[in-house]
Structure formats: structure tokens, C-alpha cells
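The structure appears below as C-alpha cells.
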Amino acid sequence: MTTSVLDRADQAFEAGLDTVLDPTLGLLHDSAGKVDDELLPCRANNPELWFAESPSDVEFAKALCRDCPVQTMCLDGALARREPWGVWGGELFLQGTVIPRKRPRGRPRKHPIVA
């Protein structure tokens, strides 16, 4: 039997798993299940957006999270789990910590772009 990370802790116990999954992700999944998918930006949009390489895409994902009904629960759970990367609860995570913004790949320009 394959068990996904989104399974609830009591289901893991009933299945006879030795390790109990982090309940915060299960609670988030349960709470999100009570809300219409159209109100959840991570379900209504391309999921790749929350793990994008482009800084502009990451900022767009963070902006979409601002009006999410489960944003606080998502952020709290991501902090507790020390998510390795991605946008969770409107914040960008890298190696388990929140960072202010994603930097593009490569070296910075020697001369600023004149607008």
C-alpha cells in the first residue's frame, strides 16, 4: 500500500505504519478540502508556479497566496516542517527558512540597466 504525505496521522496509524506523519500537513489538507478549489490559488493555478525558477513567477505565487483562506495554516505548517523549498503560505522557503526574494541565476550585472 502506498501512503502519500497528505494522509492523516490516524490513517497512518490504522495502516500499521511505524512512523506517524506530520499532522499539520494532514490538517491543512483537511481544511483545504472544506474550501472550494477556486478559492485556493495553489489548486486553481498551475502547481509548478509555487516551485518556479523565475523570480517574477515566485513573486506572482506569493501574491496569489495573500487572499487564500488557509494561508496562515499553510505557512505555520511549512515552518514546522522546515519545507526545503517553494512558496508556502505566501512566503518563499529555501532550505527550511523563509527568504525575502528569489535571486535569478548567474552573476549580477556590472552596470545597472538604464530605464
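Here are a few things to note about the model shown:
- Tally of residues being within 9 Å of the chain's Cα centre (by Cα) and more than 12 Å from Leu28 (Cα to Cα) across the stretch 39-96: 11
Condition check ((1) under 30 Å from Lys34 (Cα atoms); (2) in contact (Cβ under 8 Å) with a residue 12 or more places away in the chain; (3) aliphatic (A, V, I, L, M)) across all residues:
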{"position": "Leu49", "(1), (2), (3)": "yes, yes, yes"}
{"position": "Met73", "(1), (2), (3)": "yes, yes, yes"}
{"position": "Glu91", "(1), (2), (3)": "yes, yes, no"}
{"position": "Ile113", "(1), (2), (3)": "no, no, yes"}
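- Matching residues, the stretch 40-88, being out of contact with any helix residue (DSSP H, G or I) (no Cβ under 8 Å at 6 or more places or on another chain), surrounded by 14 or more Cβ atoms within 10 Å (Cβ to Cβ) and part of a helix (DSSP H, G or I): Pro55, Val58, Glu59, Lys62, Leu75, Ala78, Leu79
- Leading residue by the ranking (modelled with the highest pLDDT) among those in the stretch 8-39 that are part of a loop (DSSP other than H, G, I, E, B), surrounded by 13 or more Cβ atoms within 10 Å (Cβ to Cβ) and not charged (D, E, K, R): Val35
The values are calculated or read from the model by the stated rules, or taken from the named source; none is laboratory data. Quick caveat, the model's predicted, so the values are computed rather than measured. Using ideal geometry, Cβ is built from the backbone for each residue, glycine included, and neighbour counts are taken over all protein chains shown.
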